[in-house]
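Trainee: Shown below is the structure under consideration.
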Amino acid sequence: MRRLFLIAVPYLWLLALFLVPFAIVLRISFSDIALAIPPYTPTLDTSEGVWAGIRDLVSQFDFENYEFLTGDDLYWKAYLSSLQIAALSTFFTLLVGFPIAYGMARAPQEWRATLMMLIILPFWTSFLIRVYAWIGILGTEGYLNQLLLSLGLIDAALTILNTQIAVYIGIVYTYLPFMVLPIYAALERMDESLLEAAEDLGCSRTSAFWLVTVPLAKNGVIAGCFLVFIPALGEFVIPSLLGGSDTLMIGKVLWEEFFSNRDWPVASTVAVILLLILIIPIILFQRNEQRLREEEDA
Amino acid sequence: MASSADKVFAPWEDAYEQPLIRFKNVTKRFGDFTAIDDITLDIYTREFFALLGPSGCGKTTLMRMLAGFEKPTTGSTTLDNKDLANVPANRRPVNMMFQSYALFPHLSVYDNIAFGLKRSKMPKGEIPDRVEEMLRLTRLQKFAKRKPHQISGGQRQRVALARSLAKAPKLLLLDEPLGALDKKLRQDTQFELMDIQEKTGTTFVIVTHDQEEAMTVASRVAVMDAGVIVQVATPGAIYETPNSVYVADFIGDVNLMPGYAKISGSRAVITWAEGQPPIYSKTDLTAGTKCTFAIRPEKVSISEEEPGEDVNKVQGKVLDIAYLGNLSTYHVELPDGKVIKAQVANERRIANRRFTWEDPVWLSWTDTAGVVLTK
Ligand SMILES: Nc1ncnc2c1ncn2[C@@H]1O[C@H](COP(=O)(O)OP(=O)(O)OP(=O)(O)O)[C@@H](O)[C@H]1O
Ligand SMILES: [Mg+2]
C-alpha cells in the first residue's frame, strides 16, 4: 500500500501538472476561434449526458489550424529561426561556459564553494529585472557604448539592442549556469592523476586535455547543451525585450497569437507543434542521463 | 666461489660503474613539511630496486620526482648522467604505474594499454601485437573490451601494470604493483616481472609493503623512515646485518635486547638483564657503549636440556606457541618477565611436538647469530 502510494505520487503530479494542461491545449488546438468566453468553439455541452456531450464535441474537431500553420510561412520561419537561435546560443554558451567550469574545477578546494555561489547568485534576483538591466547596458546610450566611446575604441555608438546579437547575449547570460554546473560536476569528479598518467605515457598538456579531459567532460557537456537548448527554443521574454521586431522566435509568435490576436486555437496549435519538436531533444537528454546513471552504478 | 663467468650482479660495488639514476642531496618540501629529507642515492641499470617503509615515509614522492610530477626543492636528480630538472614528464624514458592505477575510465582495457604506444614512434601496425602481448602477460585477454569500471580491483591493477610495461621504458616505476592480487597470482607476476627484466634490461624501482616480495625480487632494498633512507643493501644484508634497530624491527621478526656492551677482543659482552648471564656476540665495536642486541627468532635454538657448546643460553618457560604451519614460534618467558621468541621448523606433526605451554626450556645461540646495534 505504502509502496503503491510512493509510486503513485510522482505520476499524479505528472498527470495534474503536465498531462491535464497539455490535454486542454491539445483540445483547443482542434477547435475554431470564436467571439465568446472562452474564445473558441465547440465547448462541452453536457445537457444530454456527459458521454453524448463528449461524442458531440469530438465530432466537431478538425485539423484546420494545423493546415493553416503549414500554409502560412510565418510559422515555419519562426520555428526555423528559433531552432537556429537556440542552437547557436547553445554553442556560444558552451564556448563561454566550458572555460568557466574548467577554471572552477581546477581552482583550489577552498575557493570552489565561493565560485559556485557566484554562478548561482544571479538567480536570487528576478529574471525579468536582469533582462531589463541588459537594455540599459546594450542600448545606443547604454553603458557598453559609453564605455567603448570613452575608451576611443569606436567612433559611433553600436546598435546592439533590438538585434539578434542582443538575443544571443541575453540567452548566453541567462542560461550560462545551466551549462556551467553539469560540466563543472563532470570535471570536478575527474581524478587529476589521469592527466599525469597521460603525460607519463607521452602526451603533451594539450593532447592530454583533448584525449582525457574532454572525453570525461562529454556527458556534462551534453547535459548542459540540452539544458540550454530546450528552454532557449521556446524563449519568449528575451527576444521580446532585447530582440526588437526583426527577431522572429516561436515563443514570441505564440505570445502574440494568445494575447494580441486572442486566437487561442492557433496559439495552442503552435504550442503543440513546439512540444513535438522538443520531444526529440528531451528524449535524447533523458537517454543521456540514464546512461550516466547506469555508468555510475556499475 | 662463483666462477668469473657467472659473476654476481652487484654494480653498486663497482667503483667504475655509472649509475642510471642519481639522487644528489635531494630534499622535497610541501609547504613547511619535509617529505624527502636530503636523500643521496644511486640506482644502477638493470637493478630491481625496492623501496620499503611505513605509510607516509615518502616512497611515492620519491617516485613522482623520477617520473617528473614533482620537482626537488633542493638537490638534483640525473638519469643517464643527464640532469632531469627541466625534462617534462612526457619526455622522460620513464613510465610509472600509479598507486591509484589512474586508468582512463572512458577507454577500454585494450585502449588503456594502447594509449602510450599510440603516442610513441611505434608503427601503427605493430601496436595490436604489442597490446596482445601485454594482455597475455597479465592474463587479461578476456577483458580487453571492457571498461575499467567493469572489472575487479585485481584486474584493474593488472591493466595498470600492463599499461606501464607496454612501452618497455628504460626505467619503470611501480608503486605497489601487486598489492591487490592473491598470493598465487602475485608470485606468478613477480616471476613475470623478473623475467621481463631479464629480457628487456629495464630498470625497476618498486614500492612494496610486502617484505617477502622485496626479498624475492629485489637486487637491493632501501628502507625509508620519515623522508630519510635508513639503509640500502641487498635483501640478504638487510636481513642479516641491519644497521639500526629501526631496520631490524621493520624487516621480519626480531628479538631486541637493549643493554650495555663492553668490548673484549672481537666480542661484545652485553649486560642486558639482571640475573641473566651476559650475551656474547662478535662485533666491530671498539669501545663500550649503550647498544641493542638483535637476533632473529629462527637463529635461537630451543631445547629441554641445557645445551653444552653454545655460548649464550638462558632458561625460561613456554608462554605461547604460534603455529604457522611449516614453522612454530615459541614465546619463552624468562624469570624476570622478558620474552624471547624462538622459531623452529615443524618436523613432526603438531600432536607430537616436543614442548607445550608452561614447559621449562633452554634457549641458546652462538656468538655470531645476532648483531649488536648502536643506532
Ligand atoms: N602534494 C602534497 N602536498 C602536501 N603533502 C604531501 C603531498 N604529497 C605527499 N605529501 C606528504 O608527504 C608524505 C609522503 O607522502 P608519500 O605519498 O610519498 O608517502 P608513501 O611513502 O608513498 O606512503 P604510502 O605507503 O601510504 O603510499 C606524506 O606525509 C604526505 O602527506
Ligand atoms: Mg605511496
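Read-outs throughout are calculated quantities, based only on the coordinates presented, and are distinct from any laboratory measurement. Source: prediction; values computed, not measured. Counting neighbours? That spans all protein chains shown, and the Cβs are built from the backbone with ideal geometry, glycine included.
Trainee: List the GluC sites (Glu not before Pro) within segment A:171-247 that DSSP assigns to loop and that have no more than 11 neighbouring Cβ atoms inside 10 Å.
Mentor: Sites meeting the loop and neighbour criteria: A:192.
Trainee: Could you work out the relative contact order of chain B, using alpha carbon pairs under 8 angstrom and six or more residues apart, expressed as a whole percent?
Mentor: This gives 14 percent for chain B.
Trainee: Okay, moving on. Computed over the Cα atoms of segment B:253-373, what is the convex hull's projected area averaged over all directions, in nm²?
Mentor: 7.4 nm²
Trainee: Now for a different question. How much length, in nm to one decimal, is gained on full extension between residue B:357 and residue B:83, taken as 0.36 nm per residue of separation minus their Cα-Cα distance?
Mentor: 92.5 nm
Trainee: With viscosity set to 0.692 mPa s at 37 °C, what whole-number translational diffusion coefficient in µm²/s follows for segment B:200-273 from Stokes-Einstein and a Kirkwood radius over Cα pairs?
Mentor: 229 µm²/s
Trainee: Something else now. From the Cα trace of chain A, what convex hull volume per residue do you get, rounded to a whole Å³?
Mentor: It is 219 Å³ per residue.
Trainee: Enter the per residue convex hull volume of segment A:69-126, computed from alpha-carbon coordinates, in Å³ rounded to the nearest integer.
Mentor: Taking the convex hull of the Cα positions in segment A:69-126, it is 94 Å³ per residue.
Trainee: To test your reading of the geometry: what angle, between 0 and 90 degrees and rounded to tens, separates the Cα axis of helix B:153-166 from the longest principal axis of chain B?
Mentor: Result, in degrees: 60.
Trainee: While we're looking at this one, here's another question. Mind checking the mean number of beta-carbon atoms from other chains within 10 Å of the Cβ atoms in B:109-117?
Mentor: Numbers: counts 0, 0, 0, 2, 0, 1, 7, 6, 2.
Rounded to a whole number, the mean comes out at 2.
Trainee: When ranked by the protection proxy of mean other Cβ atoms within 10 Å per residue, highest first, what sequence do the peptides B:338-344, A:7-13, B:300-306 form?
Mentor: So the order, starting with the most tightly packed, is B:338-344, B:300-306, A:7-13.
Trainee: Now a separate question. Can you give the mean number of other chain Cβ atoms that lie within 10 Å of the Cβ atoms in peptide B:162-172? Provide the component values of the computation, followed by the final result.
Mentor: Values: counts 0, 3, 3, 0, 1, 3, 0, 2, 0, 0, 0.
Average neighbour count from other chains, rounded to a whole number: 1.
Trainee: Right, something else. What FRET efficiency do you get for residue B:323 and residue B:374 if R0 is 45 Å and r is their Cβ-Cβ distance, rounded to the nearest 0.05?
Mentor: 0.80
Trainee: Another question, then. So what is the relative contact order of chain A, in percent, for Cα pairs below 8 Å that sit 6 or more residues apart?
Mentor: Relative contact order of chain A: 26 percent.
Trainee: If you count, for each residue, the other Cβ atoms within 10 Å and average over each peptide, how do B:29-41, A:122-134 line up from highest to lowest?
Mentor: In decreasing order of mean packing, B:29-41, A:122-134 become B:29-41, A:122-134.
Trainee: How much mean residue ellipticity at 222 nm does the protein assembly as shown get from its helices, if each DSSP H run of length 4 or more adds -39500 (n - 2.57) and you divide by all residues, to the nearest 500 deg cm²/dmol?
Mentor: -13500 deg cm²/dmol
Trainee: Starting from the Cα coordinates of chain B, work out the convex hull volume and express it per residue in Å³.
Mentor: 203 Å³
Trainee: Can you tell me, using C-alpha contacts under 8 Å and at least 6 residues apart, the relative contact order of segment B:21-115 as a whole percent?
Mentor: It rounds to 28 percent for segment B:21-115.
Trainee: I've got another one for you. For the protein assembly as shown, what size does the Cα cloud have along each of its three principal axes, sorted from largest down, in whole Å?
Mentor: Cα extents, longest axis first: 125, 72, 52 Å.
Trainee: Tell me the angle of helix B:109-118 to the major Cα principal axis of chain B, expressed in degrees between 0 and 90 and rounded to the nearest ten.
Mentor: Around 70 degrees separate the two axes.
Trainee: Moving on. Which value, in nm² and rounded to one decimal, describes the direction-averaged projected area of the C-alpha convex hull of segment A:151-298? Mind dumping the intermediate values first?
Mentor: Working: hull surface 55.2 nm².
So the mean shadow area of the Cα hull is 13.8 nm².
Trainee: Nearest 10 degrees is fine. How inclined is helix A:73-106 to the longest principal axis of chain A, computing both from alpha carbons?
Mentor: 30 degrees
Trainee: Calculate, for residue B:145 and residue B:185, the FRET efficiency according to 1/(1 + (r/R0)^6) with r their C-beta to C-beta distance and R0 30 Å; round to the nearest 0.05. Can you show the working numbers first?
Mentor: Values: r = 22 Å, r/R0 = 0.72.
Working from the Cβ atoms, E equals 0.90.
Trainee: Say a paramagnetic label sat at a point 7 Å from the Cα of residue A:70, along Cα to Cβ; which residues of segment A:24-60 have their backbone N under 18 Å from it?
Mentor: Answer for segment A:24-60: A:29-31.
Trainee: Compute the normalised compactness of segment B:94-170: alpha-carbon radius of gyration over 2.2 N^0.38 Å, N being the residue count.
Mentor: Dividing the Cα radius of gyration by 2.2 N^0.38 Å gives 0.98.
Trainee: I'd like the mean, over residues of A:201-211, of how many other protein chain beta carbons sit within 10 Å of each residue's own Cβ.
Mentor: Working: counts 18, 13, 6, 4, 3, 0, 2, 2, 0, 0, 6.
Per residue, the number of nearby Cβ atoms from other chains is 5 on average.
Trainee: According to a simple spin-label model (label point 7 Å from Cα along Cα-to-Cβ), what is the distance in nm between residue B:194 and residue A:26?
Mentor: 7.4 nm
Trainee: Something else about it: Starting with the highest mean, order B:166-172, A:65-71, A:247-253 by the number of other Cβ atoms within 10 Å, averaged over the residues of each peptide.
Mentor: The densest-packed peptide leads the list: A:247-253, B:166-172, A:65-71.
Trainee: Something else now. Could you please report the charge total around residue A:44, scoring K, R as +1 and D, E as -1 over all other residues with beta-carbon less than 12 angstrom from its beta-carbon?
Mentor: The answer is -1.
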